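Everything on this sheet refers to the single structure shown next.
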Ligand SMILES: [Cu+2]
């Protein structure tokens, strides 16, 4: 039976507590930090050589889908009632709304050093010491809305512009493409300043602190954000029946993207799974 991922703002008190407790238990066991390490390891940009699987690449969506499934499976081993909630940032746009409440992820960082001081993931609560990709120390940090240089969350209209594109991705399959659903959602824009961060990327910037860069998994909101991004892939498929993951075939030896992107039926490292196999996961979970 497929389980259901819910909008975080609709979770009951008990569902909130069980989700938070399972996350803290995963962290206590040391398993959570393995996810942080893995995301850091696969944080390859298109300015570097080699295969890109997780970012600036068509497999951005299937890679993070499988990554979410792995974490969710680990959580459900701890508590079988838990599923990954999603944060709809087109609707819950305030720093006081879900998921920033004391019974979920806690609130904004303090002004002086952006350290999160409220909720279960606050450093002083003692259960969430950052160990991987440490730049600002051991405490979780956030700068919601970026007080020093304010930035806005993407709007529903901005998200709709990505969903309206009927082509999954286009050559050269990287951060420079201006067409295709994948990068319009992943959000590598053109031009300077904050306007160049779209949709998925812009949300990382809006949260700030730990959510910037390869160690962004250190903030549990990473998963709620990526669950909502994952939901957009499903919505895009529903809006464009028959549209598939691209590229369908691996770029040839003369193509500058040869061996640098994952085609539909190729394996998606580090897993033994293809993007094609991840296009339909309706037997595993669905979204409410
Ligand atoms: Cu990522």
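Some observations on this one:
- Number of residues in the range 41-64 that are in a helix (DSSP H, G or I) and more than 11 Å from the ligand (Cβ to nearest atom): the value is 2.
- Residue in the range 143-159 that is under 23 Å from residue 275 (Cα atoms) and either buried (at least 21 other Cβ atoms within 10 Å of the Cβ) or at pLDDT 95 or above (or both) present: yes
- Looking across the range 65-95 at every residue that is assigned to a helix (DSSP H, G or I) and within 16 Å of the ligand (Cβ to nearest atom), the one that is surrounded by the fewest Cβ atoms within 10 Å (Cβ to Cβ) is identified as 70.
The values are calculated or read from the model by the stated rules, or taken from the named source; none is laboratory data. Computed from a predicted structure; not experimentally measured. Heads up, the Cβs are rebuilt from the backbone with ideal geometry, glycines too, and the neighbour counts pull from every protein chain shown.
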